[in-house]
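Trainee: Input: one structure, supplied below.
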Amino acid sequence: MASEALREEPPVVPVGKQQPGMIEGGLDAIVIGANFDGLAAAALLGKAGLKTVLLAGGDASSEQGPREFAPGYFCADGDQLVDALDPELIAALDLYRHGLAFAARRLETVYYFSDGGALLTDGDLYRLRDAVTAMSEDDAASFAAFSEAALDAARALRPMFEGGDPPALNGALVDRFLHGSVEETLDGLFTDDHLKEMLAAEAAFRAAARPSDPYGFLSLIRRWSGEAAGLQGAIAYPEGGSAGVNKAMRRAAQASRVDFRLAVTAKRVLVEWDSVAGVETEGGGQIRAPIIVNALSAERAFAEMIGPSLIDIEFQAALTPPPPAVASARVHLALDGVPGDERTRGNLARRLVYAPSRIELRRAYAAARAGWPAGEAPPPLIMEAIFPSAFEKALAPEGGHSASALLHPVPYVPEADANYVAAVERAARAAFDKLAPGAAERIVAVDVAPPEPAAPPVLTAWTRARALAGASGVKGYFFCGPEAQIGRGFIGAAGRRVAQAAIRFSRGKAAAA
Amino acid sequence: MIFPVDDPVTDDPNPTALYAAAASAASANSWTSVNGWAVARAYTSVTEEYEAALEGACVADVGAVTRYAARGREAAAMLARATTAPVEGLAVGESARGLMLDENGYVADKIEAARLGPDLYLLSSSRPHARRLQLAARGFDASIDDITGQIAALAILGAEARDIAAAAGLDAESEVLARQGRVRGVETSARPIHFGLLAGIEVIYPRDEALTLWERLRRARAPKPIGLDALEIFRIEGGAPRPGLDFAISDEAADDADKRLPDEIGLAHLAPANRAWFNGRRALVGAPRSGRALAVLALDAGEAKAGAAVYGKKGQVGRLTSAAYSPRLKRAVAFADLSIEAFGKPLEVALPGEEGKRAAAAIFETPENRLAQAFRAAQR
């Protein structure tokens, strides 16, 4: 009986967890990270017939639905809008069949200016010229020529913005798009201040480069290279917000027979000679496969999971970029009623943007880079705001509204402390009052999310993404972490590209065998 | 003081720790700058210094060689990553030669790593590589510091080098092992080295005591000081190419076509791609070859100049990269960057002076050549 009592119970292994020391094989590919690009890569690999395991490592971010940030008020963390979701990815995975849907397909945008003026623009960029003509007759012709050339250039440069080779482009205007700063390019094209402020706000929004920095204008071209709901340069609100897009992608991966291991965390990538051989898990087991796609940060994917001993020195230098100079702040606002004025009520289903004047924008960047002085009101910032509750009634209580706003530029702080939250809240209230006069009085709760680092300049991001794609020469290792993406938001092109590369690699290996 | 003592703008080279001693012995007063350090090209006469080293031994100020001290539990792993030397296999006291490659497999430098203690290594390189090495140390429990300016370094070279070193109490432990010790209270590290054809002992010790050991050595046997020009002859005869002179350092080359892989400079044996991993190894395996390689030529002439054209039957096939007159061979010897088609074929080298005058030249087999051939044979 004593021996019975001393006998160990067999260990309880949670679902999806490995027993220590267990070695699992027979797989074609392992995807590490269940973020959007990781899910996209896994879905495409599975769809190509590769036996694929996705290690989520306890990261349930893609699983999360709306979060209640104030009693009865809900918000979705992360990006609210879609402007560059990879059309090839949507088509390859038939994401619409898996639940991707848009509550608003071509969001109209209303721009507000520092002098109190406003401009309503169509959701179709090709029709933006009508609004510009109404605003400035002098610039109508030059804007028509510019928008055509810019949209053509954006379309041609799309492969580059996805991390591919830059195409050969000609023409003085295109040359200016590639090399010029935002201010320099706009000054050379237009005379109307509102038009310049509107385009400067779009170019600088979420970008680390100041409007006077060279190569800065490329960020607007990158933004216009994307498409939403099948229209270039458009912006759409997906049903369910960011969670809705993730959910569709997760369903696509499940339909592709990807094996989800939600509780398994990859600790180390096993490199045997020059090729990946699998991963070692936190539990001490091994999962072996000749292809690994890593969707975590570059630092984790290479420096931590492979280790400095097995990656080139120059490659390692590219893993750690300088700390971001500025950031964007996401703020969710709970409103206890419909904003009072007619104009705001009419704008509930639109995208609202505050476009600061040139001086305001310069001051905003200077202040964000230097850090906001404690207790002082920050200068006016670019603000993008939408009312998610206008599209999804369940996000706010009856009679109330939730607004989601992104402010840019704000100082980058690794950890948001009480001072940061208070300063961002103050800036958000001030900017929101410009978009919806009087609505600030109806704010009953404010939720400030951690700062989101601004997107590095396009060429810097492209160079880095290309370097990381080389994976320091480790065969079978493919990277689609955040640094593989050029620009911010839901894109998915990085996940699609590495999956395509991994499939080619797998077929090449099979052919060689 | 208005101006800093160490003026970063000046072109004047810095004095090495042994500069005072070298200057007092350098009656030829011929100097050059190596890595920003003043180095004597000749002390008396190049031929005299060469013959003295060949027949007995000479002493050289080697303070211009860049030195790094790597310390820490993972210092060996870090150096094994940054260089091709088999650092992790070194016993205390052992040294190993190697290369530093960039991520594309091109040669960034020649190096030598010596294990001076359980967690202490000395890295010698011909050029400074502070940034590369600091990057290499990221993620390792190790530190690496440039100690070039903190030390004095002298080399006793020649057939009698060990006897002379022993007489001064500066001998190494054995022909392969270094010795760490104290000589007259001065902490020294003496290790066996090779400089081209010459074997010898290199002694490293604190800069403040630079003259103490120089003087001790002079009193023991008074070896003749040897300058850079005489050492160059031994280097070329030994088949040791000089980075930045015989081949472009990858970090400094303006054009990728000028960069060289280890086998293209005759040092494939220092970067065996089938051994452990090192920086640039993966790229090295599949790197495209330039179709050129370094070789040492012996000329039927007493003079040759770097930059001179080398001709094959069908025209120019390369250029001399460094040249010297070898008193031992009684002819000029030179490193040449040649098209690989030119190997094994008759060659001629343009001579200085008269235009169109050429001298026959043949590839000269050096000790380094023999090592490379043995390595290639083992690879097959």
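The values are calculated or read from the model by the stated rules, or taken from the named source; none is laboratory data. Note that this is a predicted model, so its numbers are computed, not measured. So basically every Cβ, Gly included, is an ideal-geometry build from the backbone, and we count neighbours across all protein chains shown.
Trainee: Note down all Cβ pairs under 6 Å where the first residue falls in segment A:366-391 and is basic (K, R) and part of a loop (DSSP other than H, G, I, E, B), the second is surrounded by 12 or more Cβ atoms within 10 Å (Cβ to Cβ) and modelled with pLDDT of 90 or more, and they're at least six residues apart or on different chains.
Mentor: As it stands, the answer is none, since no pair meets every condition given.
Trainee: Which one is surrounded by the most Cβ atoms within 10 Å (Cβ to Cβ) among residues in segment B:262-296 that are within 24 Å of the chain's Cα centre (by Cα), within 14 Å of chain A (Cβ to nearest Cβ) and assigned to a helix (DSSP H, G or I)?
Mentor: It comes out as B:L284.
Trainee: Restricting to segment B:305-358, and then to whatever is touching a Gly at 6+ places or on another chain (Cβ under 9 Å) and of a type in the set (K, R), can you tell me which residue is farthest from B:T47 (Cα to Cα)?
Mentor: So, considering only residues that are touching a Gly at 6+ places or on another chain (Cβ under 9 Å) and of a type in the set (K, R), the one farthest from B:T47 (Cα to Cα) is B:K345.
Trainee: Separate question: For segment A:395-431, how many residues meet the condition of being part of a loop (DSSP other than H, G, I, E, B), of a type in the set (G, A, S) and either crowded, with 23+ Cβ neighbours inside 10 Å or without any contact (Cβ under 8 Å) to a residue 24 or more places away in the chain (or both)?
Mentor: Within segment A:395-431, residues that are part of a loop (DSSP other than H, G, I, E, B), of a type in the set (G, A, S) and either crowded, with 23+ Cβ neighbours inside 10 Å or without any contact (Cβ under 8 Å) to a residue 24 or more places away in the chain (or both) number 1.
Trainee: Another question, then. Out of the residues in segment A:290-314 that are among the polar types (S, T, N, Q) and surrounded by fewer than 24 Cβ atoms within 10 Å (Cβ to Cβ), state the one that is nearest to the other protein chains (Cβ to nearest Cβ).
Mentor: Among those residues, the one meeting the criterion is A:S309.
Trainee: Among the residues of segment B:23-40, write down those that are of a type outside the set (F, W, Y) and closer than 12 Å to B:A64 by Cβ.
Mentor: Within segment B:23-40, B:T32, B:S33, B:V34, B:N35, B:G36, B:A38, B:V39, B:A40 meet the criteria.
Trainee: If a residue has to be at pLDDT 90 or above and part of a loop (DSSP other than H, G, I, E, B) to count, how many in segment A:241-263 make the cut?
Mentor: Going through segment A:241-263 one residue at a time, the tally reaches 3.
Trainee: Filter segment B:138-150 down to the residues that are in contact with a helix residue (DSSP H, G or I) (Cβ under 9 Å, 6 or more places away or on another chain), surrounded by 22 or more Cβ atoms within 10 Å (Cβ to Cβ) and away from chain A (no Cβ under 14 Å) and list them by number.
Mentor: Of everything in segment B:138-150, nothing turns out to be in contact with a helix residue (DSSP H, G or I) (Cβ under 9 Å, 6 or more places away or on another chain), surrounded by 22 or more Cβ atoms within 10 Å (Cβ to Cβ) and away from chain A (no Cβ under 14 Å).
Trainee: Now a separate question. Filtering segment B:59-99 down to residues that are within 14 Å of chain A (Cβ to nearest Cβ) and part of a loop (DSSP other than H, G, I, E, B), which residue is surrounded by the fewest Cβ atoms within 10 Å (Cβ to Cβ)?
Mentor: The selected residue is B:R73.
Trainee: Go through segment A:342-390 and count every residue that is over 16 Å from A:V410 (Cα atoms), charged (D, E, K, R) and modelled with pLDDT under 90.
Mentor: So the answer is 3.
Trainee: Just give me the residues in segment A:321-366 being among the β-branched types (V, I, T) and under 16 Å from A:E197 (Cβ atoms), in sequence order.
Mentor: Hits for segment A:321-366 are A:V353, A:I359.
Trainee: Now a separate question. In the set B:A108, B:A130, which member is under 30 Å from B:A21 (Cβ atoms) and either free of Cβ contacts under 8 Å to residues at least 40 places away in the same chain or within 14 Å of chain A (Cβ to nearest Cβ) (or both)?
Mentor: The conditions single out B:A130.
Trainee: Looking only at segment B:168-214, how many residues end up being within 26 Å of B:I233 (Cβ to Cβ), of a type in the set (G, A, S) and assigned to a strand (DSSP E or B)?
Mentor: So the count comes out to 3.
This table checks each residue for (1) out of contact with any strand residue (DSSP E or B) (no Cβ under 9 Å at 6 or more places or on another chain); (2) on the phi < 0 side of the Ramachandran plot; (3) modelled with pLDDT of 90 or more.
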| site | (1), (2), (3) |
| --- | --- |
| A:L6 | yes, yes, no |
| A:V12 | yes, yes, no |
| A:I32 | no, yes, yes |
| A:G49 | yes, no, yes |
| A:A60 | yes, yes, no |
| A:P66 | no, yes, no |
| A:G99 | yes, no, yes |
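Trainee: May I pose another question? Look through segment A:315-344, keep the residues that are part of a helix (DSSP H, G or I) and surrounded by fewer than 18 Cβ atoms within 10 Å (Cβ to Cβ), and return whichever of them is farthest from the other protein chains (Cβ to nearest Cβ).
Mentor: Filtering first and then ranking leaves A:E342.
Trainee: Can you pull out every residue in segment A:375-389 that is surrounded by fewer than 21 Cβ atoms within 10 Å (Cβ to Cβ) and either over 12 Å from A:E360 (Cβ atoms) or under 22 Å from the mean Cα position of the chain (by Cα) (or both)?
Mentor: A:G375, A:E376, A:A377, listed by residue number.
Trainee: Next question, about the same structure. In segment A:432-457, what residues are assigned to a helix (DSSP H, G or I) and in contact (Cβ under 8 Å) with a residue 24 or more places away in the chain?
Mentor: Answer for segment A:432-457, where residues must be assigned to a helix (DSSP H, G or I) and in contact (Cβ under 8 Å) with a residue 24 or more places away in the chain: A:F432, A:K434, A:L435, A:A439, A:R442.
Trainee: Could you tell me which numbered condition B:A220 fails, if it satisfies all but one of (1) more than 23 Å from the chain's Cα centre (by Cα); (2) among the aliphatic types (A, V, I, L, M); (3) within 22 Å of A:D274 (Cβ to Cβ)?
Mentor: Just one mismatch for B:A220, condition (3).
Trainee: A further question on this structure: Of everything in segment A:435-475, what is under 20 Å from B:N279 (Cβ atoms), in contact with a strand residue (DSSP E or B) (Cβ under 8 Å, 6 or more places away or on another chain) and buried (at least 19 other Cβ atoms within 10 Å of the Cβ)? Give them in sequence order.
Mentor: A:L468, A:A471, A:V474 - these are the residues of segment A:435-475 that are under 20 Å from B:N279 (Cβ atoms), in contact with a strand residue (DSSP E or B) (Cβ under 8 Å, 6 or more places away or on another chain) and buried (at least 19 other Cβ atoms within 10 Å of the Cβ).
Trainee: Being farther than 30 Å from A:A430 by Cα and touching a Gly at 6+ places or on another chain (Cβ under 9 Å) narrows it down to one of A:D130, A:D77, A:D28, so name that one.
Mentor: Just one listed residue meets the conditions, A:D28.
Trainee: Looking at A:P437, is it farther than 30 Å from A:G117 by Cα and not small (G, A, S)?
Mentor: No: the conditions fail for A:P437.
Trainee: Now, a different point. When the residues of segment A:98-129 are narrowed to those that are part of a strand (DSSP E or B), touching a helix residue (DSSP H, G or I) at 6+ places or on another chain (Cβ under 7 Å) and small (G, A, S), which ends up surrounded by the fewest Cβ atoms within 10 Å (Cβ to Cβ)?
Mentor: By that ranking, first place goes to A:A103.
Trainee: Oh, and also: Would you confirm whether or not segment B:228-243 contains a residue that is under 27 Å from B:A113 (Cβ atoms), under 21 Å from the mean Cα position of the chain (by Cα), within 14 Å of another protein chain (Cβ to nearest Cβ) and part of a loop (DSSP other than H, G, I, E, B)?
Mentor: no
Trainee: In segment A:345-354, which residue that is in contact with a strand residue (DSSP E or B) (Cβ under 6 Å, 6 or more places away or on another chain) and basic (K, R) is nearest to the other protein chains (Cβ to nearest Cβ)?
Mentor: My answer is A:R351.
Trainee: Looking at B:L213, B:L135, can you tell me which residue is touching a strand residue (DSSP E or B) at 6+ places or on another chain (Cβ under 9 Å) and either over 18 Å from B:D61 (Cβ atoms) or surrounded by 17 or more Cβ atoms within 10 Å (Cβ to Cβ) (or both)?
Mentor: B:L213
Trainee: Here is a further query. In the set A:V338, A:V353, A:V331, which member is touching a Phe, Trp or Tyr at 6+ places or on another chain (Cβ under 6 Å) and either free of Cβ contacts under 8 Å to residues at least 24 places away in the same chain or not small (G, A, S) (or both)?
Mentor: The conditions single out A:V353.
Trainee: Anything in segment A:456-496 that is more than 14 Å from chain B (Cβ to nearest Cβ) and basic (K, R)? List them, or say none.
Mentor: The answer is A:R464, A:R488, A:R496.
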